[in-house]
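Worksheet for the structure shown next.
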Amino acid sequence: MKNGKNNDLIDRRAAAAQAKTAQLAAYRAAQNAAEPAKAARAAERMAIVAAREERHLARARLKLEEQERLLGEAAKQQAALAATVQAETEAGEKERIAREIEDEAGRKADRDRRYANRKARQA
């Protein structure tokens, strides 16, 4: 009897080992069968990543172009402002020179008038 139980244990262990190898074989077969599907999914993921990266690069390119355009506009506005300030400064300088000439002419006229009055009194 003791021997029968031992055979039963040996049979159960052998059956468990066979079941384990059968499961391992089934798992490997499933892995091999799923290999093309895995490759297809990986290729699809790579395509999605590439498309995402392309969209990101396009957005970055557009952002850079917009920044360059804004910088160009700002430079144009700055140049226009500088030209306006320069023109105003030149106009102000010309006005100041014209006033100085007028003032000098007025002073000369006053001096000539005083000289003429003095000569008239002396005569």
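Annotations for the structure displayed:
- Within the set 28, 59, the sole residue that is part of a helix (DSSP H, G or I), at pLDDT 85 or above and within 41 Å of the chain's Cα centre (by Cα) turns out to be 59.
- From the list 98, 123, 83, 79, the lone residue that is loosely packed, with under 10 Cβ neighbours inside 10 Å and out of contact with any Phe, Trp or Tyr (no Cβ under 9 Å at 6 or more places or on another chain) is 123.
The values are calculated or read from the model by the stated rules, or taken from the named source; none is laboratory data. Remember, predicted model here, so these are calculated numbers, not experimental data. In this analysis, Cβ positions are derived from the backbone assuming ideal geometry, glycine residues included, and neighbour counts consider all displayed protein chains.
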